Amino acid sequence: KAKGAGLGFLFYGPEMNALIAETLILENRLRQALERDEFVLYYQPKTNGASGRVTGLEALIRWNDPEGGVVQPGVFIPILEETGMILEVGAWAIRKALADMQKWRIEGIDPPRVAVNVSAIQLQQKDFVDSVRLAIKACNGEAPSVDLEITESMLMTDLDDNILRLSEIRGLGLDIAIDDFGTGYSSLGYLSKLPVNALKIDKSFIDTMAATPESMTIVSTIISLAHSLGLKVIAEGVEKEEQAKFLRLFRCNELQGYLISQPLPPDEVVGYLRDSLAS
Ligand code: C2E
Ligand code: CA
Ligand code: CA
Ligand code: CA
């Protein structure tokens, strides 16, 4: 679908044609990327707010484009979602995370839990829970130490279906975090009904908290709200020591962001975990 296609002739012309052609080319190259195994997962550590110890890793997809280098997900996730390819790539990501963990274990490191991002479109599939069950089974049936991150904005649509699916997933031993929390429209009543384990405070609040009293209040309120509902809180996009200081003061459970580490390519994870265990 072309952006602005509904706006009539105004946007039609050579430029529009070029845009459509470019999108089609990218779409085909993404299909090839999956076949040629060009997607990779990078891993960003999360640390305990109080102790600074590594508590988990978030898997973030990249495309190793042989022609253009490493491509960030912001460029291609929307296309994967529009074309439905996200279903295959999403299933791949869960399998890949489990496979990477197995590899690290062989290299002598017992990895912490790994969180995988899940798109709205995946969760909406009737067979989503089965696909997660299969991925776990395919990995020697070992204890699932993979968690899922799902953005807040989509959780509230088809709420009853989502509650059922999320409980089944938790029944498999996975934890669930609501991603980008604070940017969607969850009502407090719904929040208490959702079978989730953690809230991830959106980076936009962390960015502005030190300079804007309102953001500071929102951050501290989300943390107390989560704790009173028995949920864990993770702050994303922590870049400055000052932000970390306030988050620790508010008893935020886990911190994640460039201050701690950038997302690491898979071959740097074992070294990072070794160093962090040693210190
Ligand atoms: P997200 O889940 O909210 O992930 C956090 C994003 O913020 C990541 O961008 C991460 O690299 C970046 N980030 C982390 N710490 C900092 C920081 O301190 N400062 C700044 N400026 N940025 C920071 P990335 O890797 O480009 O991913 C963007 C989005 O793409 C993710 O947002 C997620 O929604 C989506 N995504 C990534 N991997 C997957 C995947 O496997 N499946 C799906 N469905 N979506 C994915
Ligand atoms: Ca995420
Ligand atoms: Ca997020
Ligand atoms: Ca975010």
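The values are calculated or read from the model by the stated rules, or taken from the named source; none is laboratory data. Only a predicted model underlies this, so the values are computations on that prediction, with no experimental measurement involved. Neighbour counts run over all protein chains shown; Cβ positions are idealised from the backbone, glycine included. We work out accessible area using only protein heavy atoms, side chains counted, and drop any ligands, DNA or RNA first. Shrake-Rupley method; radii C 1.70, N 1.55, O 1.52, S 1.80 Å.
Quick notes
- Taken over region 180-203, the residue count meeting the criterion of being near ligand 3 (Cβ under 10 Å from one of its atoms) and open to solvent by 30 Å² or more (accessible area, probe 1.4 Å) is 3.
- Residue among Gly49, Gly68 that alone is at pLDDT 90 or above and not acidic (Asp, Glu): Gly49
- Residue match in region 240-254 (condition: assigned to a loop (DSSP other than H, G, I, E, B), free of Cβ contacts under 8 Å to residues at least 12 places away in the same chain and over 18 Å from the mean Cα position of the chain (by Cα)): no
- Any chance Leu174 is in a loop (DSSP other than H, G, I, E, B), open to solvent by less than 20 Å² (accessible area, probe 1.4 Å) and touching a strand residue (DSSP E or B) at 6+ places or on another chain (Cβ under 7 Å): yes
- Unmet requirement for Phe181, which otherwise passes all of (1) more than 28 Å from Arg133 (Cβ to Cβ); (2) in contact with a strand residue (DSSP E or B) (Cβ under 9 Å, 6 or more places away or on another chain): (1)
- Members of region 223-259 found to be under 30 Å from Gly108 (Cβ atoms) and either within 15 Å of ligand 3 (Cβ to nearest atom) or among the basic types (Lys, Arg) (or both), listed by number: Lys232, Ile234, Glu236, Val238, Glu254, Leu255, Gln256, Gly257, Tyr258
- Ser220 being surrounded by fewer than 21 Cβ atoms within 10 Å (Cβ to Cβ), hydroxyl-bearing (Ser, Thr, Tyr), at pLDDT 95 or above and assigned to a helix (DSSP H, G or I): yes
- Search result, residues across region 21-46 that are among the hydrophobic types (A, V, I, L, M, F, W, C) and crowded, with 19+ Cβ neighbours inside 10 Å: Leu30, Ala33, Phe39, Leu41
- Answer from Ala244, Ala226 - the residue that is open to solvent by less than 10 Å² (accessible area, probe 1.4 Å), more than 15 Å from ligand 1 (Cβ to nearest atom) and not charged (D, E, K, R): Ala226
- Arg62 vs. criteria within 23 Å of Val118 (Cα to Cα), at pLDDT 85 or above, basic (Lys, Arg) and more than 16 Å from ligand 2 (Cβ to nearest atom): no
- Residue pairs whose Cβ atoms lie under 8 Å apart, separated by 6 or more positions or on different chains, with the first residue in region 91-110 and touching a residue at least 60 places away in the same chain (Cβ under 8 Å) and of a type in the set (Asp, Glu) and the second crowded, with 20+ Cβ neighbours inside 10 Å and assigned to a helix (DSSP H, G or I), are Asp100/Val269.
- Residue pairs meeting the criteria (Cβ under 9 Å; at least 6 apart or on separate chains; first farther than 23 Å from Glu88 by Cβ and of a type in the set (Val, Ile, Thr), in region 49-73; second open to solvent by 60 Å² or more (accessible area, probe 1.4 Å) and within 16 Å of ligand 2 (Cβ to nearest atom)): Thr55/Arg113
- Unique match (being more than 16 Å from ligand 2 (Cβ to nearest atom), out of contact with any helix residue (DSSP H, G or I) (no Cβ under 6 Å at 6 or more places or on another chain), open to solvent by 10 Å² or more (accessible area, probe 1.4 Å) and not small (Gly, Ala, Ser)) among Arg113, Arg105, Arg95: Arg105
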